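The values are calculated or read from the model by the stated rules, or taken from the named source; none is laboratory data. Remember, it's a predicted structure, so these values are computed and weren't measured experimentally. Here the Cβ positions follow ideal geometry from the backbone for every residue, glycine too, while neighbour counts run over all protein chains shown. All accessible areas refer to the heavy atoms of the entire protein, side chains included, with ligands and DNA or RNA removed. Shrake-Rupley method; radii C 1.70, N 1.55, O 1.52, S 1.80 Å.
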Amino acid sequence: MAEHVVIIGSGPAAHTAAIYAARANLTPVVFEGFMAGGIAAGGQLTTTTDVENFPGFPDGILGPELTERFRAQSERFGARIITETITKVDLSKRPFTYASDEQTGEAQVLIIATGATAKRDDIAGTRDNELWQKGVSACAVCDGALPMFRNRPLFVVGGGDSAMEEAHFLTKFASKVYIVHRRDELRASAIMQERAKHNAKIEFLLSHRVVAVEGGNAVEQVRVHNLKTDAETILPAAGLFFAIGHVPNTSFLGGQVKCDDQGYIVTTPGTTMTSVPGVFAAGDCQDKKYRQAITAAGTGCMAALEAEQFLAHHAH
């Protein structure tokens, strides 16, 4: 028998959808994944240390602890959570079919909340079990205000609009922000470049690349290689932020849902409805603009409410 609602994902979007769906007696099943997108169940929050901008936690909360609370709340209301990764779906007819390596099943409604994975260059010192989460991050808005970065020099790797935005944001806290880009020219729009160039705290290191991030329990210095002169410079720093984009975790959909050229699921504006009736998308797999835990949670709520309306309508 087909499940009423199957939610694929494990972050704030997935669990908010699960909480609302469970409270509506839709008995949701959540496939939280097992190292999906190279990230543990819980999504990108599991790669963040202190979360200080999620309402209700005035003293902040650790990212992994916040995801555990989401999960516990989903379970409390009756959501069934399965630690398997959905690898394939068939959306050609309802009920939809889905498959993990361990099982197959059917769902009247699917909520896709698989998130996105931040791109990271493979630089010595920035990898997992090195200085990742110890001063190396891929989200300035999430982590930039942490005390460890205040009044210290910081690095941003990237040359697009997001790199300019992240650098500009970090200047509120840092003593100086270096933008490192491999090419002579930035990819950012003219207006974003001008804004960054007029910020006295930002220094550009064009035709440079970071070759290593070094430190003990936290970032202490960054090695930068000048691609034109071959010279290497060591600069003191408290942090390095990757701003080279994200990859939405949507490849398992096999092109059955309309996505943009970057792979983000296209939703009807103001809703979480996708190109396939009965399939809804929430969180960072459909949001390349805000990418915050709180906005993901909001779309998770929307997806559950829209799923409930869809099921009510199609029951008659």
- Message: Tell me the volume per residue, in Å³, of the convex hull enclosing the alpha carbons of the chain.
- Response: 137 Å³
- Query: Could you give the angle, 0 to 90 degrees to the nearest 10, between helix 293-314's Cα long axis and the longest principal axis of the Cα atoms of the chain?
  - Reply: 20 degrees
- Return P(r) of segment 249-316 (all Cα-Cα pairs; 10 Å bins starting at 0; whole %; ordered from short to long distances). 21, 52, 24, 3
- Query: How far is helix 161-170 tilted off the main Cα axis of the chain, in degrees rounded to 10, range 0 to 90?
  - Reply: 70 degrees
- Query: Viscosity 1.567 mPa s, temperature 4 °C: Stokes-Einstein D of segment 1-113 from its Kirkwood Cα radius, in µm² per second?
  - Reply: 90 µm²/s
- Note the angle between two axes, namely the Cα long axis of helix 63-76 and the longest principal axis of the Cα atoms of the chain, as a number of degrees from 0 to 90, rounded to the nearest 10. 10 degrees
- Query: Taking a 1.4 Å probe, which of 261, 287 shows the most accessible area, and what order do the others take after it?
  - Reply: 261, 287
- Query: Taking a 31 Å limit on the Cα-Cα distance, which of the listed pairs 88/134; 197/289; 172/288; 228/258; 172/258 fall beyond it?
  - Reply: 88/134; 228/258; 172/258
- Which residue, 236, 269, 12, tops the fluctuation ranking in a GNM of the chain built on C-alpha contacts under 10 Å? 269
- Antiparallel as a % of all DSSP beta bridges within the chain, to the nearest 5? 45 percent
- Item | Unmatched cysteines, the chain - criterion: no other Cβ of a Cys under 4.7 angstrom | 259, 285, 301
- Message: Quick check for me: using +1 on Lys/Arg Cβ and -1 on Asp/Glu Cβ, what's the dipole size of the chain about its Cα centre, in debye to the nearest 20?
- Response: 560 debye
- Note on the structure: Quarter of the surface of the C-alpha convex hull for segment 169-316, i.e. direction-averaged projected area in nm², equals 12.7 nm²
- Note on the structure: Cα extents of segment 70-185 along the principal axes, largest first, in whole Å, come to 55, 37, 26
- Item | segment 121-249: projected area of the alpha-carbon convex hull, averaged over directions, in nm² | 7.7 nm²
- Compare the Cα positions of 104, 81, 92 along the charge dipole of segment 43-122 (+1 at Cβ of Lys, Arg; -1 at Cβ of Asp, Glu; about the Cα centre) and return the one farthest towards the positive end. 92
- Spacing of the two label points (7 Å from each Cα toward its C-beta) at residue 207 and residue 221, in nm: 2.5 nm
- Size of charge dipole - segment 184-316 - debye, nearest 20, with Cβ of Lys, Arg +1 and Asp, Glu -1, no other charges: 180 debye
- Query: Using a 1.4 Å probe, what is the accessible area per residue for segment 190-316, in Å²?
  - Reply: 50 Å²
- Computed Kirkwood radius, in angstrom, where 1/r is averaged over Cα pairs of segment 163-236: 13.2 Å
- Accessible area of the chain belonging to carbon and sulfur atoms, whole % at 1.4 Å probe: 51 percent
- Message: For the pair residue 288/residue 23, report the inter-label distance in nm, with labels modelled 7 Å from Cα in the Cβ direction.
- Response: 3.3 nm
- Scattering from the C-alpha atoms of segment 92-136 alone, worked out with Debye: what is log10 I(q)/I(0) at q = 0.20, 0.25 1/Å? -0.72, -0.93
- Item | For segment 189-250, size of Cβ-based charge dipole, Lys and Arg +1, Asp and Glu -1, in debye | 220 debye
